[in-house]
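Colleague: This is the structure I have questions about; it appears just below.
Just so you know, all these numbers are worked out from the coordinates, no wet-lab data involved. Quick caveat, the model's predicted, so the values are computed rather than measured. As a convention, Cβ positions derive from the backbone with ideal geometry for all residues, glycine included, and neighbour counts pool all protein chains shown.
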Amino acid sequence: QVQLVESGGGLVQPGGSLGLSCAASGSIFSINAMGWYRQAPGKQRELVARITGGGRTNYGDSVKGRFTISRDNAENTVYLQMNSLKPEDTAVYYCNAAVQTIHSPYYLEFWGQGTLVTVSS
């Protein structure tokens, strides 16, 4: 129905930068909020950043001032620019979107498959 495909993960040194992108495709009528979550080994999934269709953003406390979320509504794509990365940012990063499909008037949550970000020297 709807697919979210992330790209851009990898290995980066502490203090470095990395960008993630997530493109939504499929039977999309409209997309409301899009966001990024992450899950480190042995920890619960947590909010990294979220952006509404109107561009309002909110961030997890641990990434404020270092990460920036943005989106291209025409391309159904959300981005995450990560700067000043720390080892504790190491996690699998998941894209999330609230999507209204062409088959339903309701917004449903969809998730990407995840992309691994490793911050290590």
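Colleague: In square nanometres, what is one fourth of the surface area of the convex hull spanned by the alpha carbons of the chain?
Modeller: The Cα convex hull of the chain, projected and averaged over all directions, gives 7.1 nm².
Colleague: With θ set to phi - 60°, apply the Karplus curve 6.51 cos²θ - 1.76 cosθ + 1.60 along the range 48-53 and write out the HN-Hα couplings as whole Hz, x wherever there is a Gly or Pro.
Modeller: So the Karplus estimates, Gly and Pro as x, are 9, 7, 9, 9, 7, x Hz.
Colleague: Taking Rh as the Kirkwood radius, which is the inverse of the mean 1/r over Cα pairs, what is the Rg/Rh value for the range 40-87?
Modeller: Rounded to two decimals, Rg/Rh equals 1.01.
Colleague: Considering only Thr68, Leu18, Cys95, whose Cα is most displaced toward the positive end of the charge dipole of the range 1-103, charges sitting on Cβ of Lys, Arg (+1) and Asp, Glu (-1)?
Modeller: Thr68
Colleague: Find the centroid of the Cα atoms in the range 74-91 and in the range 30-62, then give the distance between the two in whole Å.
Modeller: Comparing the Cα centres of the range 74-91 and the range 30-62, I get a distance of 10 Å.
Colleague: Considering the options Gly54, Asn83, Ala33, tell which one lies farthest towards the positive end of the dipole of the chain, charges being +1 on Lys and Arg and -1 on Asp and Glu at the Cβ, about the Cα centre.
Modeller: Highest projection toward the positive end goes to Asn83.
Colleague: Multiplying the sequence separation of Ser7 and Asn58 by 0.36 nm and subtracting their Cα-Cα distance, what value in nm do you get?
Modeller: 16.2 nm
Colleague: Next question. Using +1 on the beta carbon of Lys and Arg, -1 on that of Asp and Glu, and nothing else charged, what's the dipole of the chain about the Cα centre, debye to 20?
Modeller: 220 debye
Colleague: Oh, and also: Assuming 0.36 nm per residue, please report the length gained on full extension of the stretch Ala40 to Ala23 beyond their Cα-Cα distance.
Modeller: Roughly 3.9 nm would be gained on extension.
Colleague: Can you run phi through the Karplus equation (6.51, -1.76, 1.60; θ = phi - 60°) for the range 64-75 and list ³J(HN,Hα) in whole Hz, with x for Gly and Pro?
Modeller: 4, x, 10, 10, 9, 9, 8, 8, 10, 5, 5, 9
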